[in-house]
Structures are given as C-alpha cells and as structure tokens.
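Written out below as structure tokens is the structure these notes cover.
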Amino acid sequence: MSINLAMDFSVNRENNTITVKKAFDATLRLVWKAYTDPEILDQWWAPKPWKAKTKSMDFRTGGHWLYAMVGPEGEEHWAIANYTLVEDLKRFIAEDAFSDSDGNINKEMPQSNWESNFSSIEGGTLVTFDISYPDLAALEATIAMGFREGLTSAAEGLDEYFASLKK
C-alpha cells in the first residue's frame, strides 16, 4: 500500500495558527533524523534553489538551531529555533524567529512557536506541525513571504532525499 505524500496545509486566522501534515515514505527513525541532524537538514530544508546552512545545532530541550537560508546569489537570511521541549522520536517544540548570524532575534520580523509531532503510519511516517503566532499580523506576514510555497518545496526536497536512499 502506498501512502499519500501530498502536504495538508491549513490556516486558522481566528487562532493565529497554521497546521501542516505531511506523510513521508520512510521510517519514523529516518524521518526524525532528517529533522534533527544538521548534515541532513542542510540537504533539504531550504526551498530550491536556496540552500540551508547550519552554523550551530544543539538538539535538546534548552538547545537551539542557528541556520541561514542561502540564496543563489549568496544572500543569507538567518533564523534560530530555540528548543523548549524535545521528546526523542515523538515531538519537539521550538520558538522560531528570524535572527542575525549570531542568533540575535530580529523583533521586526514574525516569530512563531512550532510543535512538531512524529508518528508511524502504515507505509511511513506522519509529521504534523502546529505553528502558532502571537497575532494575526505575524501570521499574515509569514504567509505573504511565501511560507506555504517554501515549506512545500522543502518537503519535496525531503521526499527526494528519502527516494535517493532507496536507490
């Protein structure tokens, strides 16, 4: 039986949230590693033709991931995820923000809280993101920046990564 790899993306403007569900044709352990190992993250997290570049990652409760999205002309847009909870192979929660290359948060840009849940399903793994914003303006700004398209492209990159492991 094959699983549906299409991404489900829904916006709730009343609650200032986005929920994303995406199934992957890979084991829970492999999907978890793809989201928590910076060497793998850098291969797929950015939407093409952009690339992700990790400066530092300490994947644990109280840790962080500081990375840049690097454009085709070499431009860099930095972000930081501060992990407030990590439950191995189950979920992690992170405060996500745009930042500078030292991890100083850019308060002028939208910030969000991500709860990322991982579960085994028949034929693969389901990842669910529940992303909350402090207000509607931050949610709308994120959507206007092409968040859905960027996340869709990145997820397709992860599908390609898993397919390459089967060759």
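Of note:
- Filtering S56, S116 for residues that are at pLDDT 95 or above and over 18 Å from T17 (Cβ atoms) leaves a single hit, S56.
- Applying the criterion of being of a type in the set (K, R) and closer than 18 Å to F118 by Cβ to the residues of segment 29-70, the residue that is surrounded by the most Cβ atoms within 10 Å (Cβ to Cβ) is K33.
- So R60, is it more than 26 Å from K166 (Cβ to Cβ), in contact with a Leu (Cβ under 8 Å, 6 or more places away or on another chain) and of a type outside the set (A, V, I, L, M): no
- Criterion violated by A138 - all others in (1) among the small types (G, A, S); (2) in contact with a strand residue (DSSP E or B) (Cβ under 8 Å, 6 or more places away or on another chain); (3) within 22 Å of V31 (Cβ to Cβ); (4) surrounded by fewer than 17 Cβ atoms within 10 Å (Cβ to Cβ) satisfied: (3)
- Scan of segment 99-114 for residues that are surrounded by fewer than 16 Cβ atoms within 10 Å (Cβ to Cβ) and in contact with a Leu (Cβ under 9 Å, 6 or more places away or on another chain), ordered by number: S101, D102
- Odd one out for N82, checked against (1) touching a residue at least 60 places away in the same chain (Cβ under 8 Å); (2) under 26 Å from L139 (Cβ atoms): (1)
- Restricted to strands (runs of 3 or more DSSP E) entirely inside segment 1-79, those with at least 1 residues that are acidic (D, E) are 8-12.
The values are calculated or read from the model by the stated rules, or taken from the named source; none is laboratory data. Model, not experiment: these values are computed from the prediction. Ideal geometry is used to build each Cβ from the backbone, glycine not excepted, and the neighbour counts take in all protein chains shown.
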